[in-house]
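The values are calculated or read from the model by the stated rules, or taken from the named source; none is laboratory data. Predicted, not measured: the structure shown is a model, and the values here were computed from it. In this analysis, Cβ positions are derived from the backbone assuming ideal geometry, glycine residues included, and neighbour counts consider all displayed protein chains. Keep in mind that these areas ignore ligands, DNA and RNA; they rest on the heavy atoms of the full protein, side chains included. Shrake-Rupley method; radii C 1.70, N 1.55, O 1.52, S 1.80 Å.
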Amino acid sequence: MEKKIVFSEDRLIKTKEIIERYPAGKQKSALLPLLHLAQEQFGWVSAPVMDYIAEILNIEPVEVYEVTTFYSMFHLEPVGKHVIEYCRTGPCCTMGGEEVYEHLKTKLGIKANETTTDGVFTIKEVECLAACGWGPCFQIKEQFYMHLNNEKVDEIIEELRK
Amino acid sequence: MASKVKILTEHINVPGIENFDVYRKHGGYNAVEKALKKMSPEEVVEEVKKAGVRGRGGAGFPMGMKWSFLAKPEGVPRYLVCNADESEPGTFKDHYLMKYLPHLLIEGMIVSSFALGANKSFIYVRGELMYVIKILEKAIEEAKNAGFLGKNILGTGYDLELIVQPGGGAYICGEETALLESLEGKRGNPRNKPPFPAVKGLYQCPTVVNNVESIATATWIINNGGDEYAKIGIGRSTGTKLISASGHIKKPGVYEIELGLPVEEFIYSDEYLGGVRNGHYLKAVVAGGSSVPILPTHLLLKTASGEGRLMSYESLSDGGFATGTMLGSGGFIAMDETTCIVRNTWNFSRFYHHESCGQCSPCREGTGWMEKVLHRIEHGHGNARDIDLLVDVAKKIEGNTICPLGDAAAWPVASAIKHFRDEFEWHIKNPSAATKPGAVFLKEEVFA
Ligand SMILES: Cc1cc2nc3c(=O)[nH]c(=O)nc-3n(C[C@H](O)[C@H](O)[C@H](O)COP(=O)(O)O)c2cc1C
Ligand code: SF4
Ligand code: FES
C-alpha cells in the first residue's frame, strides 16, 4: 500500500523555519537541508519524496532530481537499517583502511552497495570524511567510528545487531 | 624560534569551552565588543590587511586584500560565506576546530561580517558533518541569547543573522563558486570567472568566501592587532597554521604550528608528530592535502639547494614543481617504506575522477583516463607506454579547465611519476607482484 508522503509535525515546523532564513524568493536554497530532513524521516529519497519537496519549495521536480543525483549523500534506493559509509580514500588506506574494509565486507557477507539479507546493514563506499588522522573510519548516520581495526569492527557490528 | 604560539587552539583543552559561558570567561567575544563598539568596518579590514594572513583553505590568497576587493554598490546586500566543506583528502583541521571551538568560528564570523557590511552570513558545512552543524547551531543560539547575534548587537545598531547550511556530499563544492551554486540549491558546478564572487557571488550579490581557519583567525587579530600578528611566522607566511597530520607517524592529529617551523622538527620532535612509527622510515610525504605534489623524504626535508625546508608557503614551494610542493590546506600525509606509491596515486586519481563535476572535457575525460591507466598498472596489466601516457594526459588537463580541480588531479600523478618513476616501471615489469594490495616496494633508505 502506498503511504502518502508527508513530513512529520516537527519537521513541518523545521521546514518553515529553514525556508524563512533565506532572502525572499531564494527558497530554493532550502533544497539540500530539506533533502537531509526527508532522508532522515523516510530512510531514502524516492521519486515521490522528491516531488513532495519540489511542491514545498514551489520548484520543478526536475530541479530536485538533478540535485539529488549530483550529491553522494542521498540514497536513491532503499537501504538497510544501518548504512555503513566507509572511507576508501588514500590517507585512511595508509592507516590500514583497506585491510579493515576487507574484514568488514567478509563479516557482513556483502559488497559495496549491497544490503544484508536481514535488511540490517548496507555498505557504501565514500570519499574522505575529514577524519584522516583518526582513520580508518566509517560513518553511520551522524556517528563517526574512528581508529578502526578488525576487533573494533566486530564489536560495533555486534552492538548494532542487538 | 618560539614554537608554542597558539592563536587558535590556546583554550582548546579547557573543559566545557564549547559552551558560551566558559568561552566568554576565557576572553571569548572580546573581539566582537572591540570591533563593534570601538572600530569602524574599514579599521577592521585594515587590521586584517596588516596581519598579512593568507587564506587557509588552500590557495593562500591574502585575506585582507580579498576583503578590500568586495564591491559595495548602493542598496545591494553583501554576503560572507564561510567555507567549511573540508573535503580535501588529508585535511581535517576545520572539523577539529568547529567541533571543539565552535564559538571561535562564530566570533570570527561576527567580526568578519561586520567588517564586510554583511547582515546575513552563511557557514557551509559538508553534509557528512551533521553533528558539527548541530554543535554550531547550538553555539549560535547561545550567542544570540547573550546579545552577540541578531538585531542591534550590543546596542550598536549592527544586525547579523548566521545560517549554517549543510552540503550534500561533493568535494567540488569546496571550490568557492561551486559552493555558491550549491548554497543556491543547485548542482555544484563551478562558475566561469570573471565575474568573481567579490562582484557577483551568492544570489548575484558581492560575496566573500573564506575558510573556517581564516575566519577564526580574525578574532585574535582584532584583539591583538594586525601588527602583532605579522610578528608571528616567517616572511610573507605570517601567523600560525593548523596542520592535519595523518599516515605513518607516531602521533596523527591536528597541530597548530607557527609558520616557519622546520619540517624536520615537525616530523621528528616529540612535541609534534613524534617521528615515523617504530621500525620504519619515511618514504614520501604529501604535505598540503591530496592536490599538492608528493615529495620523497630527501626533497621534503631539504630544498634542491640544500637548505632545510620550513613549514611555510615559500619554503615548501621552493623549487617549483620540479623539486618542491605547496603548503595548500595543510593536510600532511606521511608514508613510510611500506606504502605503494602506485596504489596511492591510483587511489587519488579515482577520487578526482569520482569528484569531477564533468563540465569540462579535459577534466572529465582526463581524470577517467588516468584512473583507468593507473588501475591497470596497479593490477598488473600495465604496459611500457602507460607511464608516458599518464604524463601526457596530466599535461593536457593542467591549465585547461574551468576550475582548479583539473590541476589538482593532474599534479599528484605528474609528481608521483617524476619522483617515483622506477616504482611505476617496477609494477609494469612485475605484474603478478603488483596485484598484491599495498604491494611493498622496498628502496634503499634515501637519507640517514
Ligand atoms: C576542488 C577544490 C576544492 C576546494 N575545497 C575547499 C575546502 O574544502 N575548503 C576551503 O576552505 N577551500 C576549498 N577550496 C578553495 C576555495 O575555492 C577558496 O579558495 C577558499 O575557500 C577561500 O578561502 P580562504 O581564502 O580563506 O582560503 C577548494 C578549491 C578547489 C578548486
Ligand atoms: S575542472 Fe573538473 S571539476 Fe572543475 S569545472 Fe571543470 S569538470 Fe568541473
Ligand atoms: S581519507 Fe578517510 S577520512 Fe580522510
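Quick notes
- Within region B:58-95, the residues that satisfy the criterion of being small (G, A, S), open to solvent by 40 Å² or more (accessible area, probe 1.4 Å) and more than 16 Å from ligand 2 (Cβ to nearest atom) are B:S68, B:G75.
- You will find that of B:A409, B:A384, the residue that is within 16 Å of ligand 1 (Cβ to nearest atom) and of a type outside the set (K, R) is B:A409 and no other.
- Taking the criterion of being without any contact (Cβ under 8 Å) to a residue 12 or more places away in the chain and either among the aromatic types (F, W, Y) or not in a loop (DSSP other than H, G, I, E, B) (or both), the only residue of region B:293-314 that qualifies is B:K302.
- Which listed residue is out of contact with any Ser or Thr (no Cβ under 7 Å at 6 or more places or on another chain), open to solvent by less than 10 Å² (accessible area, probe 1.4 Å), within 14 Å of another protein chain (Cβ to nearest Cβ) and over 20 Å from B:L301 (Cα atoms), from B:G253, B:G201: B:G253
- If only residues of region B:427-448 that are modelled with pLDDT of 65 or more and farther than 24 Å from A:M95 by Cβ are counted, the one that is most open to solvent (accessible area, probe 1.4 Å) is B:K429.
- Only residues that are without any contact (Cβ under 8 Å) to a residue 60 or more places away in the chain and either in contact with a helix residue (DSSP H, G or I) (Cβ under 6 Å, 6 or more places away or on another chain) or within 14 Å of chain A (Cβ to nearest Cβ) (or both) were counted in region B:267-291, giving 8.
- Counting the residues of region B:186-198 that are under 22 Å from A:F74 (Cβ atoms), touching a Phe, Trp or Tyr at 6+ places or on another chain (Cβ under 8 Å) and away from every other protein chain (no Cβ under 11 Å) gives 0.
- Among residues that are of a type outside the set (A, V, I, L, M), at pLDDT below 95 and not in a strand (DSSP E or B), B:G289 is not included.
- In summary, B:N223 fulfils each of the numbered conditions (1) more than 13 Å from chain A (Cβ to nearest Cβ); (2) closer than 21 Å to B:G328 by Cα; (3) more than 15 Å from ligand 1 (Cβ to nearest atom) with the single exception of condition (2).
- Comparison of B:F424, B:F348 shows that the only residue that is under 23 Å from B:K283 (Cα atoms) and within 14 Å of chain A (Cβ to nearest Cβ) is B:F348.
- Pair list, Cβ under 8 Å, 6 or more apart: region A:47-68 residue within 14 Å of chain B (Cβ to nearest Cβ), other residue part of a loop (DSSP other than H, G, I, E, B) and surrounded by fewer than 17 Cβ atoms within 10 Å (Cβ to Cβ): A:A54/A:E60; A:T68/A:L76
- Unique match (being among the basic types (K, R), away from ligand 1 (no atom under 16 Å from the Cβ) and in a loop (DSSP other than H, G, I, E, B)) among A:K111, A:K107: A:K111
- Just so you know, in region B:7-50 the residues that are among the polar types (S, T, N, Q) and not in a helix (DSSP H, G or I) include one that is least open to solvent (accessible area, probe 1.4 Å), and it is B:T9.
- Qualifying residue in region B:262-270 (condition: modelled with pLDDT of 95 or more, in a loop (DSSP other than H, G, I, E, B) and farther than 26 Å from B:G55 by Cβ): yes
- Checked against (1) more than 15 Å from ligand 1 (Cβ to nearest atom); (2) within 14 Å of another protein chain (Cβ to nearest Cβ); (3) surrounded by 18 or more Cβ atoms within 10 Å (Cβ to Cβ), B:T297 passes all but condition (2).
- Take the conditions (1) surrounded by 14 or more Cβ atoms within 10 Å (Cβ to Cβ); (2) within 16 Å of ligand 2 (Cβ to nearest atom); (3) over 28 Å from B:R277 (Cα atoms); A:E66 misses just one of them, which is (1).
- Residue identified as within 16 Å of ligand 2 (Cβ to nearest atom), modelled with pLDDT of 95 or more and polar (S, T, N, Q) among B:N145, B:N192: B:N192
- B:E228 falls short on exactly one of the conditions (1) farther than 29 Å from B:E47 by Cβ; (2) among the acidic types (D, E); (3) more than 14 Å from chain A (Cβ to nearest Cβ), and that condition is (1).
- Check on B:L242, touching a residue at least 60 places away in the same chain (Cβ under 8 Å), touching a Phe, Trp or Tyr at 6+ places or on another chain (Cβ under 8 Å) and either β-branched (V, I, T) or open to solvent by less than 40 Å² (accessible area, probe 1.4 Å) (or both): yes
- Criterion: modelled with pLDDT of 95 or more, within 11 Å of another protein chain (Cβ to nearest Cβ) and within 16 Å of ligand 2 (Cβ to nearest atom) - qualifying residue of A:E85, A:E102, A:E127, A:E142: A:E127
- One residue from B:I234, B:I172, B:I222, B:I215 being crowded, with 20+ Cβ neighbours inside 10 Å and over 19 Å from the mean Cα position of the chain (by Cα): B:I222
- Of all residues making up region B:158-185, the number that are of a type in the set (A, V, I, L, M), at the interface with chain A (Cβ under 10 Å from one of its Cβ atoms), within 18 Å of A:R21 (Cβ to Cβ) and within 13 Å of ligand 1 (Cβ to nearest atom): 1
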